[in-house]
Amino acid sequence: MSRISEAADRLSRELPGYRVEILQGRLTATPHADGTHALILTELITTFHEAGARQAGLKYLQAIGLWLPSGPDDFAIPDLSLVAADFRHNLVESNCYAPHAFRMVAEVTGPHWSDDLGTKTDCYAQAGIPVYLVADRRHDEAVLHTDPRGGEYRSRKTFKRGTSVPLPESLGITLELPVDRLLDGDEA
């Protein structure tokens, strides 16, 4: 085990409730989410369930480890992931799964918003994650990244309040996500 991996394990034990990740060789620790963050994830899970994600052979999971090719010890823990139903067969190590099991990852910005908009975009593109959705509460918009090739996303689209984000049909479900719900978590 490398020194940075050991430090990540130690930090996970010393900061319960924090999300510890290694992104491009850099150790990060993010505090637990706020209530709106949790509501957004609940809305996404409900929406994926109602859209028939399970019938399409997908599982929707919170905080599952994603092994990244950007560095020898790199891994991320996306807020929400759509994965192939057989994802358990793709365990790499340290409770992280191979990128090819992931169909989509979603992040809701928080204290480390620049990671969600920059570093993680690069890491997920390098990993070949087909769809990366960011509920960018910092800039009050949703960002959809698709078509990863050559270590970058070829398509980046932003969506403002009052519009919806159409998810690619390649996911196997037809779904448009209202930006207001992606940013607020409910209709409140």
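Every number here is computed from the coordinates shown, using simple stated rules; none is lab data. Quantities reported herein were computed from a predicted structural model and do not represent experimental measurements. So basically every Cβ, Gly included, is an ideal-geometry build from the backbone, and we count neighbours across all protein chains shown.
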Spelling it out for V165: with amide H atoms placed in the peptide plane at 1.01 Å from N, the residues 5 or more places away or on another chain with amide H under 5 Å from its amide H are L177, V179
Two pseudo-spin positions, 7 Å from Cα along C-beta at E93 and at E50, lie apart in nanometres by 4.3
Cross-link reach from K59 to lysines, straight Cα distance under 24 Å and at least 8 residues apart if same chain, gives K120
Reviewing (i) 1.00; (ii) 1.04; (iii) 0.94, the figure for Rg/Rh (Cα atoms, Kirkwood Rh) actually calculated from this model sits under (iii)
Computed ³J(HN,Hα) along the range 34-48: with the Karplus parameters 6.51/-1.76/1.60, θ = phi - 60°, integer Hz and x for glycine or proline, the list is 8, x, 5, 4, 5, 5, 4, 5, 4, 4, 5, 4, 4, 5, 5
Once the in-chain neighbours fewer than 8 apart are removed, the aspartates and glutamates whose Cα is under 14 Å from K160 read D136, D140, E141, E176, D180, D184
Relative contact order as a percentage, the range 43-139, C-alpha pairs under 8 Å and 6+ apart, gives 24
Per the C-alpha gyration tensor (a ≥ b ≥ c, the square roots of its eigenvalues), the range 1-63 is rounded if a/c is under 1.5, else prolate if a/b beats b/c, else oblate; here it's prolate
Most fluctuating of G118, G151, G71 in the GNM of the chain (C-alpha, under 10 Å) is G118
Once S5 and Q62 are pulled to full extension, the length gained, defined as 0.36 nm per residue separation minus their Cα-Cα distance, is 18.3 nm
Residue by residue through the range 108-123, the couplings from Karplus 6.51 cos²θ - 1.76 cosθ + 1.60 with θ = phi - 60°, in Hz, x for Gly and Pro, are 10, 5, x, x, 9, 4, 5, 5, 4, 8, x, 4, 5, 4, 4, 5
Other residues with Cβ under 12 Å from the Cβ of S81 give, with Lys and Arg +1 and Asp and Glu -1, a net charge of 0
Measuring from its Cα centre, the chain shows a charge dipole (+1 at each Lys and Arg Cβ, -1 at each Asp and Glu Cβ) which, in debye to the nearest 20, is 320
The chain: relative contact order from alpha carbon pairs under 8 Å, six or more residues apart, as a whole percent, is 18
Between the alpha carbon centres of the range 110-188 and the range 58-73 the gap in Å comes to 16
Residues meeting the amide H criterion for R103 (H placed from the backbone, H to H distance under 5 Å, 5 or more places apart or on another chain) are L82, V83, A84
For the range 57-106, the dipole about the Cα centre with charges only on Cβ (Lys and Arg +1, Asp and Glu -1), to the nearest 20 debye, works out at 240
